[in-house]
Amino acid sequence: MKEQRDKLLLESFLAVSEAARESMEERWAAYDEACKPVTEKLQRLGLAVTGIDESFNPYLPLSPEVVEVLLESLPEMQNWHVVEWMARYIGTATQPYDGRPLADAFDKCPNHHPKWAIGDAFSRSKPLYIEEWLVRTLKNSEHGAARQMLCFTATRLLPPEVANDALMACFDDVPGHAGGALRKTGGQRELEFLRERCERQQELEITRSKVGRWTRWQAKTVQKAIAGIEKRLEKQAAKAKSGRANNVKR
């Protein structure tokens, strides 16, 4: 009886493994097919690439001409795995580029990972013309954790007061990343906001509620943000006091 059961389990496992292998092969075939139009354009530029894959590595960081080809190809790309890797490579660009095609892809994408990759690309590069989109997206809770890396993009592209408003709006969904970003741009208002959120966490710990509880990393990051803002405000106060004293002496 045991031998028969073990045989059935093995047959079932092998069947599942074979189905998974076939599914993976089909996904890679679809990926390669979707890459072809982009690859052909890049080959005409003289790049010896075989797809949106590691064959790009010798050309990193990508030149503006290569980035332009990828951006122009985004609106027609229907394979979101390809979009994800296009975003990752665009993120290596050292020169400014039009970020709107990536932003449009973010809005259309139904999957988390490509959207997160787009946010990460923005945080590491110099996208142009996405300021209004960035504020709107950070405040839209429908995008969930895909907004994590956009928090750091906000501190680079937006005026501090605009960035802070957007970061506080998305804080409850992405507390670690929003808190880490507020550490760079926050003032007294943001300091009080973070302290209030910490008090909420203490209440959740007392009631042992798991809903809305931060991870250990998130809690540590928010505490560091509070300490960083406090230190910056203290320096600003000391500098202002020194300036007033110098004016009195004069």
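The values are calculated or read from the model by the stated rules, or taken from the named source; none is laboratory data. These figures come from a predicted structure and were not determined experimentally. Quick note on the areas: whole protein, heavy atoms, side chains included, nothing else; ligands and nucleic acids left out. Shrake-Rupley method; radii C 1.70, N 1.55, O 1.52, S 1.80 Å.
A few points about this structure:
- Shown are THR137, THR155, THR215, whose ranking by accessible area with a 1.4 Å probe and every protein chain present, most to least, is THR215, THR155, THR137.
- Scattering from the chain was approximated by placing one identical point on each alpha carbon and applying the Debye formula without solvent; log10 I(q)/I(0) at 0.11, 0.12, 0.14 1/Å stands at -0.76, -0.83, -0.97.
- Cα centroid of the range 193-220 to Cα centroid of the range 168-187, whole Å: 14 Å
- Here SER63 sits with roughly 40 square angstrom of accessible surface, probe radius 1.4 Å.
- The C-alpha atoms of the range 146-250 occupy a region whose extents along the principal axes are 59, 33, 18 Å, arranged from largest to smallest.
- Helical segments meeting 30 Å axial Cα length and Kyte-Doolittle -1.0 threshold in the chain (DSSP H): 2-44
- Annotation: LEU102 carries an accessible surface of approximately 0 Å², with a 1.4 Å probe and no ligand, DNA or RNA atoms counted.
- Taken per residue, the accessible surface of the chain reaches 61 Å², heavy atoms only and a 1.4 Å probe.
- Cross-link pairs LYS115/LYS224; LYS184/LYS239; LYS108/LYS224; LYS36/LYS115; LYS139/LYS184; LYS126/LYS184 - those with Cα-Cα distance over 24 Å: LYS115/LYS224; LYS108/LYS224
- Among TRP28, TRP214, the order of accessible area from largest down is TRP28, TRP214, computed with a 1.4 Å probe on protein heavy atoms.
- Accessible area of the chain belonging to carbon and sulfur atoms, whole % at 1.4 Å probe: 53 percent
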